[in-house]
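Notes for the one structure printed next.
Bear in mind these aren't lab numbers, they're just calculated from the coordinates by the rules spelled out. Source: prediction; values computed, not measured. Here the Cβ positions follow ideal geometry from the backbone for every residue, glycine too, while neighbour counts run over all protein chains shown.
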């Protein structure tokens, strides 16, 4: 389905960190390096500190070590204000447009009971049909919130085909590794990526750090 | 009253979706096509999905198939922030100004008991008197909230006459089709439009979908 | 104290409408006409309707009929957002600067018990002393909130001397005509204005309309 | 550690006013004069009045009387909105960049129990190690909130090394002079400044005025 053209795939953190974990996994597995960082005045007004080292919130457009027709989008947080969500989405789309990206696939989560593991949406009816042919049932009537939804929805304004793949989660876990794994399996199959998903131990969620868990008693 | 000049009529969703239903009905009945879409960073930060297809929130300036002196304004939502309401109203007014629109009529709702079915307001005393001559009693002391009020109020700054027609509603129904029908009857009579309002079954409200009813469990 | 130079005096609505009533009275008594209107995206997102006529919220810089060295600032509302308060204050100060205004006097309210009727503040120690010589005791340690405080505080950045006169009010009345009268007396004496303050019946507050009292059931 | 290059040190008010007191003390002890004031539309919408004199909220970049390779940052408040925090931080960093500042050290507070008196963070691992060598233990996993964190985090985007020194406080006192003194001792030792910290009576906190304590009953 994506054999020609240039793909950008990824997402910023949402429910259960499903999309973020999948994007970060892709970034690691494909040995990506940062192509362009994005900052936003909508990110939390703080600097993260890890072992004494300060790090600003950022989104990052990355390139795999051995592929020229693919970008991976990762990030630490979504902007807190709607206006900044739109602005950051536009900044990212302008950047990928200038790199001739033709298809933008965001990775997100769907909260609810469903017999499916992953569902999808796209910006054109033909693309929805293609997803279905590739084993990704369509999301019916819903709203995809946050910047992952906006990126898929705004893509056509930049001449880019937009998609959203959603891993189904109960929404109860702060971090849903199972949903992330399902999402990764669907994405790698769709993109025909040769990645071993079992390479990471998805049973052990203790090592995954998360923004909400940090100590906020500093100022 | 509007035999000369170029009219823009319509509105974005408000109480009971009264103005939106009326505007959408006009758009369908006059077989309008989209002339210019408007996006706003004040719209909800999400993409709507319908049968797998992603669609951004937007407002749309439309033109009837067989009329050159008329525009219809429709839209999915109002911006959530005041500043963005003003900005979107200005964007719309600049667009219609460049198309030589002379009169801008917004369609909205009035919540309250009243013996009237529809009331009106305008940006000049003469226009208020004209509305009354045409059977639209004037709204006395009140505030018309949201972008439909702003569009009418800002019109004079663009050299455009501004009007607001308000269908009276109890404000209790999520969707008040009766009020929308009253508003449509007043508008079509005022504009001398030959449209069959009974063409749609206003008794059956079940088919009218609404933003608030969508499943928000996606991200 | 203000015999030379060009004065701008007035204010936007605050506690008890004290400053607004005083500014509106000056505007009427001096037979002012509007010199420049100011709109703000921070004003409430609505249009006011009075007897069928739509009117946007605005601030207005006015000029007295028979004076060339004076401006009066009136207005319907303060912006709701801090950023817009600063922006509107800057717009107003730029406009008066271009008219060679040398002294900007805002009229506001002070909530609290005090043996004084009116207190004052200014942007230079000499001006504070001048106010005291003219019978206006200084405000000691306090914060003057809203755009009336900002206008006085920002004036020096435009090369303009800034003052704030505050009528003392209990803060309980929606409209404190007594405090407004005290403020007017102090202002007219300070500016040596020959205005009959008893010309309006300050005992009858029923005719004074107010933003908060309007019917908001329209949309 | 900072023998070469040009340093900017200071901070805007945060928890316990720890950083602000330290910055103000440095400013006084080094007989600083204001080099550049900064205003922000994110500061509270009010003007402070002290003994009749109006004063806008501001941040100030100051220069010591007898040093050419050092700046001190002081200020009255932090912007209330995230976006304005980022904007003010950028304004300050642009200003110090144009003065060839190489190292930006913010002074802030850490709320919590700790055997340390002061901890630190920096934008490069080498700098963290340098801090440790100089007796400042590193802050481990945490988030430094507000503009003091942003200034340290954004510095590298301007080619400036960023640091944050945090005085440990219980967070209970409105003003924690003890924590401020600890922070000052660490900072003066680190910068090899010859300043007598006992010159001010830190036992008497009554004379230290504070934004939260002012009378807000004015408008």
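Each label point is 7 Å from the Cα along the Cα-to-Cβ direction; what then is the distance between the points at residue C:172 and residue D:173, in nm?
Modelled inter-label distance: 4.1 nm.
Mind putting together the pair-distance distribution for the stretch D:1-118? All Cα pairs, 10 Å bins, whole percent per bin, short to long.
Once binned at 10 Å, the Cα pair distances of the stretch D:1-118 give 13, 41, 34, 11, 1.
In a GNM of chain B with a 10 Å cut-off on Cα contacts, which of B:115, B:62, B:41 has the highest mean-square fluctuation?
Among B:115, B:62, B:41, the largest mean-square fluctuation in the Gaussian network model of chain B belongs to B:115.
Relative to 2.2 N^0.38 Å, what does the C-alpha radius of gyration of the protein assembly as shown come to as a ratio? Two decimals please.
Ratio of Cα Rg to 2.2 N^0.38 Å: 1.07.
Would you mind listing the distances between the residue B:4 label point and the same position in each other copy? Use 7 Å along Cα-to-C-beta, nm, one decimal, shortest first.
For residue B:4, the other copies' label points sit at 5.7, 5.7, 8.1 nm, shortest first.
Expressed in nm², what is the orientationally averaged projection area of the convex hull enclosing the Cα positions of the stretch A:56-130?
Mean shadow area of the hull around the Cα atoms is 7.5 nm².
In deg cm²/dmol and to the nearest 500, what is the mean residue ellipticity at 222 nm of chain B if only DSSP H runs of at least 4 residues count, each as -39500 (n - 2.57), divided by the residue total?
Helix contribution divided over all residues of chain B: -8500 deg cm²/dmol.
On alpha-carbon atoms, Rg over Rh for the stretch C:73-191 using Kirkwood Rh?
Ratio value, two decimals: 0.95.
Taking chain B as a Gaussian network, where each spring joins two C-alpha atoms under 10 Å apart, which residue of B:28, B:106, B:188 fluctuates the most?
So, out of B:28, B:106, B:188, the one fluctuating most is B:28.
Over chain B, with a Gaussian network built from C-alpha contacts below 10 Å, which listed residue (B:95, B:142, B:122) shows the highest mean-square fluctuation?
Of the options given, B:142 has the highest mean-square fluctuation.
What is the antiparallel percent of DSSP beta bridges lying wholly in the protein assembly as shown, to the nearest 5?
Just about 55 percent of them are antiparallel.
Cα-based Rg of the stretch D:55-100 per 2.2 N^0.38 Å, rounded to two decimals?
Computed over Cα atoms of the stretch D:55-100, the ratio equals 1.27.
Using every Cα-Cα pair within chain B, state what percent have a distance larger than 29 Å.
Considering chain B, 20 percent of its Cα-Cα pairs are separated by more than 29 Å.
Between copies, how far apart are the residue A:156 label points? List them in nm, one decimal, shortest first, with each point 7 Å from Cα toward Cβ, please?
Once sorted, the set of distances for residue A:156 reads 4.0, 4.0, 5.7 nm.
Per-residue counts of other Cβ atoms within 10 Å, averaged by peptide: what ranking do you get for B:6-13, B:151-158, C:64-71, A:84-91, highest first?
The peptides rank, most packed first, as B:6-13, B:151-158, A:84-91, C:64-71.
Please compute the average number of Cβ atoms from other chains found within 10 Å of each residue's Cβ in peptide C:8-16.
1
Considering only chain B, what is the antiparallel percent among its DSSP beta bridges, to the nearest 5?
Of all bridge pairs located within chain B, approximately 50 percent are antiparallel.
Given R₀ = 35 Å, FRET efficiency for residue A:58-residue C:80 by Cβ-Cβ distance, to 0.05?
Using R0 = 35 Å, I get an efficiency of 0.65.
Given the Cα-Cα distance of residue B:51 and residue B:65 and 0.36 nm per residue of separation, how much length would full extension add, in nm?
2.2 nm
Using a label point 7 Å beyond Cα on the Cα-Cβ vector, give me the inter-copy distances for residue A:115 in nanometres, one decimal, shortest first.
Here the equivalent label points are 6.1, 6.1, 8.6 nm apart from this one.
Relative contact order of the stretch D:1-141: what whole-number percent is it, with Cα pairs under 8 angstrom and at least 6 residues apart?
Value for the stretch D:1-141: 31 percent.
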